[in-house]
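Some notes on the structure that comes next.
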Amino acid sequence: MARGILTALVGAAVMGIGAHAASAATLDDVKAKGFVQCGVNTGLAGFSAPDASGNWTGFDVDFCKAVAAAIFADGSKVKYTPLSAKERFPALQSGEVDLLARNTTWSINRDTALGFNFRPVNYYDGQGFMVRKSLNVKSALELSGAAVCVQTGTTTELNLADYFKSNNLQYNPVVFEKLEEVNAAYDAGRCDVYTTDQSGLYALRLTLAKPDDHMILPEIISKEPLAPAVRQGDDQWFDIVSWTHYAMVQAEEFGITQANVEEMKKSTNPDVQRFLGVEADSKIGTDLGLTNEWAVNIIKAVGNYGEVFDRNIGAGSPLKIERGLNALWNKGGIQYAPPIR
């Protein structure tokens with residue numbers, strides 16, 4: 001009984017600490033220090049990785065820049081914290097980072113038990129498999145007995161177990177904590193198969209010694225809605241992060257780009273005027289705790305959602321991932337912004 005009481009007290013203390021961290025006014029803290037502390041992947045091509053000069057680039061990095069631009073009118077007001085899959089959640093819970101933009105799947109456990117808030121899905125993904133062409137398989141259903149490289153502390157690891165169990169297949173998991181370790185093990189031939197989100201497989205294949213020797217199998221075995229996450233308990237910060245994504249999506253729908261945003265301020269469309277803060281009585285930005293130029297500043301810093309996608313992971317990038325579900329709702333996809341009014 002003493003142990004149970006002690007466990008309860010420790011749990012209550014931890015919850016108290018978490019509640020205190022979450023109840024802080026994150027926007028005030030961010031303004032006071034002068035930058036957004038953004039948790040990102042340690043290095044995933046197209047999503048977040050440092051270049052040769054140490055500058056961070058990628059789809060998730062641009063989202064961090066967009067949040068900074070919304071607040072400071074300057075997309076460079078970001079500091080990046082590279083985090084492994086295992087490190088990412090403690091870093092957000094403890095307040096080490098203000099925001100997690102790290103190709104992270106939104107799930108009920110993370111939304112509830114871990115104390116996070118997710119809302120806008122900025123990339124709809126699904127888990128897949130990459131194999132060497134020399135393995136001579138065409139389907140994941142042919143992988144019984146294979147050694148499978150997987151990163152621990154991820155939904156990927158859980159989905160892998162479920163898929164093989166439900167299909168009565170045997171496998172040997174080869175598990176690592178750090179992404180770089182998984183990549184190196186697969187490239188060195190320590191496993192037959194690599195499994196992660198399909199977008200990640202396209203990125204990782206480019207880093208292999210002989211990319212053309214590998215293929216991505218057709219099966220998608222899960223839903224992986226990737227979304228930025230914040231701590232629960234600060235609705236204003238949650239709104240700013242959420243509406244940053246929606247602003248990028250809405251800009252694409254309006255045809256507003258990094259190149260034409262100033263010209264679009266002259267539009268006679270009242271929806272565009274309101275969105276860009278031109279409408280005289282618009283309070284959208286101030287209601288968020290920002291200026292009414294918040295959307296303009298986002299677009300100037302990184303462009304609209306389509307521009308960010310194409311530049312980092314789409315047609316204008318080495319990955320050349322098709323938009324698919326990530327196209328706008330009126331272009332065959334499901335990216336959709338609620339009304340900004």
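Tabulated data
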{"quantity": "Cα gyration tensor category, rounded, prolate or oblate, for the chain with a/c compared to 1.5", "calculated": "oblate"}
{"quantity": "Anisotropy class of segment 226-273 from Cα gyration tensor, a/c 1.5 cut", "calculated": "prolate"}
{"quantity": "Rg to Rh quotient for segment 126-224, alpha carbon positions, Kirkwood Rh", "calculated": "0.91"}
{"quantity": "Test item: Cα-centred dipole of segment 126-224, Lys/Arg +1 and Asp/Glu -1 on Cβ, debye", "calculated": "220"}
{"quantity": "Residue-normalised accessible area of segment 126-224, given per residue in Å² at a 1.4 Å probe", "calculated": "47"}
{"quantity": "Gaussian network model of the chain, springs between alpha carbon atoms under 10 Å - residue of Pro82, Pro270, Pro225 with greatest fluctuation", "calculated": "Pro270"}
{"quantity": "Local electrostatic count at Val40 - Lys and Arg +1, Asp and Glu -1, tallied over other residues with Cβ under 13 Å", "calculated": "-1"}
{"quantity": "Virtual paramagnetic centre 7 Å along Cα→Cβ of Leu114, amide N under 19 Å, in segment 131-160", "calculated": "150-160"}
{"quantity": "Where labels lie 7 Å past Cα in the beta-carbon direction, separation of Phe35 and Lys320 in nm", "calculated": "3.7"}
{"quantity": "Counted charge near Asp111, where neighbours are those whose Cβ lies closer than 13 Å (Asp, Glu -1; Lys, Arg +1)", "calculated": "+3"}
{"quantity": "Carbon and sulfur %, accessible surface of the chain computed with the full protein complex present, 1.4 Å", "calculated": "54"}
{"quantity": "Long-range HN-HN contacts of His214 with modeled amide H, under 5 Å", "calculated": "Lys133"}
{"quantity": "Amide hydrogen neighbours beyond the local backbone of Thr81, cut-off 5 Å, H modeled", "calculated": "Cys38, Gly39, Val40"}
{"quantity": "Within the chain: Cβ-based charge dipole about Cα centre, in debye rounded to nearest 20 (Lys, Arg +1; Asp, Glu -1)", "calculated": "320"}
{"quantity": "Percentage relative contact order, segment 196-341, counting C-alpha pairs under 8 Å, at least six apart", "calculated": "23"}
{"quantity": "Gyration tensor (alpha-carbon) shape descriptor, segment 24-118, a/c threshold 1.5", "calculated": "oblate"}
{"quantity": "Amide proton proximity set for Gly333, modelled H, under 5 Å, gap of 5+", "calculated": "Ala327, Leu328"}
{"quantity": "Cβ-placed point charges (K, R +1; D, E -1), dipole of segment 41-98 about Cα centre in debye, nearest 20", "calculated": "60"}
{"quantity": "Solvent-free Debye scattering, log10 I(q)/I(0), computed from the Cα coordinates of segment 230-334 at q = 0.19, 0.24 Å⁻¹", "calculated": "-0.99, -1.27"}
{"quantity": "Helical segments meeting 18 Å axial Cα length and Kyte-Doolittle 1.6 threshold in the chain (DSSP H)", "calculated": "none"}
{"quantity": "Mean separation of Cα contacts under 8 Å (6+ apart) over length of the chain, as relative contact order %", "calculated": "21"}
{"quantity": "Considering only the chain, percent of DSSP beta bridges that pair antiparallel, nearest 5", "calculated": "55"}
{"quantity": "Separation of alpha-carbon centers, segment 66-92 and segment 196-212, rounded to whole Å", "calculated": "25"}
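The values are calculated or read from the model by the stated rules, or taken from the named source; none is laboratory data. Just so it is clear, the model here is predicted, and its values are computed rather than measured. Neighbour counts run over all protein chains shown; Cβ positions are idealised from the backbone, glycine included. Side chains included, ligands, DNA and RNA excluded: accessible areas come from the protein's heavy atoms. Shrake-Rupley method; radii C 1.70, N 1.55, O 1.52, S 1.80 Å.
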